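Let me begin by presenting the structure, written as structure tokens, before commenting on it.
The values are calculated or read from the model by the stated rules, or taken from the named source; none is laboratory data. Small disclaimer: the values here were computed from a predicted structure and weren't measured. Glycine gets a Cβ as well: all are built from the backbone with ideal geometry, and neighbour counts include every protein chain shown.
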Amino acid sequence: MSSRLLFSALMAWSMAWSSSWADTQIIYAGTLLAVPPEAPRANQTVVIEDGVITEVRDGFSAPDGFEGGVEVIDLRDHFVLPGLMDMHVHLQFEMGPQRDRDRLKMPSQLMQMRSIMYAMRTLEAGFTTVRDVGSSSQEMYALRDAINNGWIDGPRIVAAGGVGITGGHADISGVSPDLMDYWTGPNICNGPYDCRRAARNVIKYGADLIKITSTGGVMTQRATGTEQQMEADELSEVVRAAARMGRKVASHAHGEDGIIAALEAGVASIEHGTYTGPTAIKLFKKTGAYLVPTLLAGATVKRAAQESDFMPQAVRDKAIRVGTDMQGNFERAHKAGVKVAYGTDSGISPHGTNADEAVLMVEAGMSEMEVIRSATVNAADLLDMSATIGTIEPGKQADIIAVSASPLENIEELKDVDFVMKGGKIFKQ
């Protein structure tokens, strides 16, 4: 073994061993952005016990001031901030010509192993919490629970169950009729009462939230457009059934008619929101719903449509149109005061490149601080988890990342995260 490999192995062993015996961890933060959008502070000590932040002190506190074993994490030359959150991922796949082949040939068990790899790429990119809003549900619930139980490593997962209508974006497309019959699940519904049943069903089987598709989608392999598809009474019944059981609803929506219908039904967030217009903006502000913009997905599908040939023509046409329009419409919605929660649609884009969304958001007119707030404080609020994550404050989970320079001056710093801690456990250093 080379000296470099030996040193790396010893460091990894040392971090794992020291975390196991230390009663207390202390992080020396050269610059600490503890509560976006409050101003960062220099020379701070973050005190952690059992994975929970107990204090944030001015200056660098000496280790001998604490009882028991102390692990010192020296980030005095780094910019430290809360772990980032991505409110729209698909951890079971990545877009490309191989995706349909994988569905036919890859066993679900192997697909689950690949999901673990994608989850770790996401965590190592600095995203300590994600909302998965479109995967094979039982496998995703299992991944969520295995991470929560400490059996495997990965980001904290809030997992959705999907409800969609026959022939809509959530229904199967692009395969033979026999496979459509085989793959059409029990949560494809028609009419308000059937959609109520489907909503209850996904909660029964373990969903943390419900994902609906009020409009058509770009990647649907049929020429059914991106306007409203679910009817108002179907949307309302899903939201009502979810609320009765303490769940929120997120709605995929591109066309403004579908955005309006979903907001009127009471959804907590609109995913994509490509054609958000004046009426939808008023409803966003009235209801307090979040926009999860997924600009990275728009840029990715547009580039794929222009540079590759694996997309059917119907998908290619939608991808170029939606990808072209998404960023400008988001800029108008943000300037109008719509609340924004960070989301990438990773799985359309490669996992681990989640921070590319931040660059696009800044290009669309958001400040660097607003982007970071959308991926921390706002995301925690959307998840109803503000009491435990989203900031570096006493009582919160120790979800902490660090970069080498200030992302408030250059948002691209988030693309190169040097340190990742989730719940007091170090995953990257």
Of the residues in region 31-71, how many are assigned to a strand (DSSP E or B) and either surrounded by 18 or more Cβ atoms within 10 Å (Cβ to Cβ) or at negative phi (or both)? 19
Among the residues of region 404-420, are any among the hydrophobic types (A, V, I, L, M, F, W, C), touching a Leu at 6+ places or on another chain (Cβ under 7 Å) and surrounded by fewer than 20 Cβ atoms within 10 Å (Cβ to Cβ)? yes
Pull up region 389-402, narrow it to residues that are out of contact with any Gly (no Cβ under 8 Å at 6 or more places or on another chain) and crowded, with 17+ Cβ neighbours inside 10 Å, then point me to the one that is nearest to residue 332 (Cα to Cα). 390
Among the residues of region 415-423, are any part of a helix (DSSP H, G or I), outside the structural domain of residue 326 (by TED's automatic domain parsing), closer than 14 Å to residue 85 by Cβ and touching a helix residue (DSSP H, G or I) at 6+ places or on another chain (Cβ under 8 Å)? no
If the Cβ limit is 6 Å and pairs must be 6+ apart or interchain, which residue in region 229-257 that is assigned by TED's automatic domain parsing to the domain that holds residue 195 and of a type in the set (Asp, Glu) pairs with which residue that is part of a loop (DSSP other than H, G, I, E, B) and surrounded by fewer than 23 Cβ atoms within 10 Å (Cβ to Cβ)? 256/275; 256/277; 257/227
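Quick grid of which residues meet (1) farther than 16 Å from residue 126 by Cβ; (2) of a type in the set (Gly, Ala, Ser):
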position: 339; (1), (2): yes, no
position: 358; (1), (2): no, yes
position: 378; (1), (2): yes, no
position: 389; (1), (2): no, no
position: 400; (1), (2): no, no
When restricted to 324, 287, 300, the only residue in the same structural domain as residue 366 (by TED's automatic domain parsing) and under 21 Å from the mean Cα position of the chain (by Cα) is 300
Flagged in region 312-346 as under 19 Å from residue 379 (Cα atoms), not in a helix (DSSP H, G or I) and not hydroxyl-bearing (Ser, Thr, Tyr), in numbering order, are 337, 338, 339, 340, 341, 343, 345
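Rundown of residues vs (1) acidic (Asp, Glu); (2) modelled with pLDDT under 95, yes/no style:
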residue	(1), (2)
165	no, yes
174	no, yes
201	no, no
208	yes, no
216	no, yes
236	no, no
Among (1) closer than 20 Å to residue 75 by Cα; (2) not assigned by TED's automatic domain parsing to the domain that holds residue 334 - the single one residue 372 does not satisfy: (2)
Suppose the filter is surrounded by fewer than 22 Cβ atoms within 10 Å (Cβ to Cβ), of a type in the set (S, T, N, Q), at pLDDT 95 or above and out of contact with any Cys (no Cβ under 8 Å at 6 or more places or on another chain); does residue 353 pass it? yes
Is it the case, given these coordinates, that residue 153 is in a loop (DSSP other than H, G, I, E, B) and acidic (Asp, Glu)? yes
Condition first: assigned to a strand (DSSP E or B), within 20 Å of residue 165 (Cβ to Cβ) and over 21 Å from the mean Cα position of the chain (by Cα). Can you find one or more residues in region 235-255 that meet it? no
Answer yes or no: is there a residue in region 327-344 that is closer than 30 Å to residue 72 by Cα, surrounded by 24 or more Cβ atoms within 10 Å (Cβ to Cβ) and of a type outside the set (Phe, Trp, Tyr). no
Starting from region 187-215, keep only residues that are assigned by TED's automatic domain parsing to the domain that holds residue 135 and assigned to a loop (DSSP other than H, G, I, E, B), then list their pairs with residues that are modelled with pLDDT under 95 and surrounded by fewer than 17 Cβ atoms within 10 Å (Cβ to Cβ) whose Cβ atoms are within a distance under 9 Å, requiring at least 6 positions of separation or different chains. 190/166; 205/138; 206/138
In this structure, is residue 81 buried (at least 24 other Cβ atoms within 10 Å of the Cβ) and in a loop (DSSP other than H, G, I, E, B)? no
Tell me the residue from 287, 276, 324 that is at pLDDT below 90 and among the hydroxyl-bearing types (Ser, Thr, Tyr), please. 324
Would a scan of region 60-71 turn up a residue that is out of contact with any His (no Cβ under 6 Å at 6 or more places or on another chain), in the same structural domain as residue 400 (by TED's automatic domain parsing), under 20 Å from residue 380 (Cβ atoms) and among the hydroxyl-bearing types (Ser, Thr, Tyr)? no
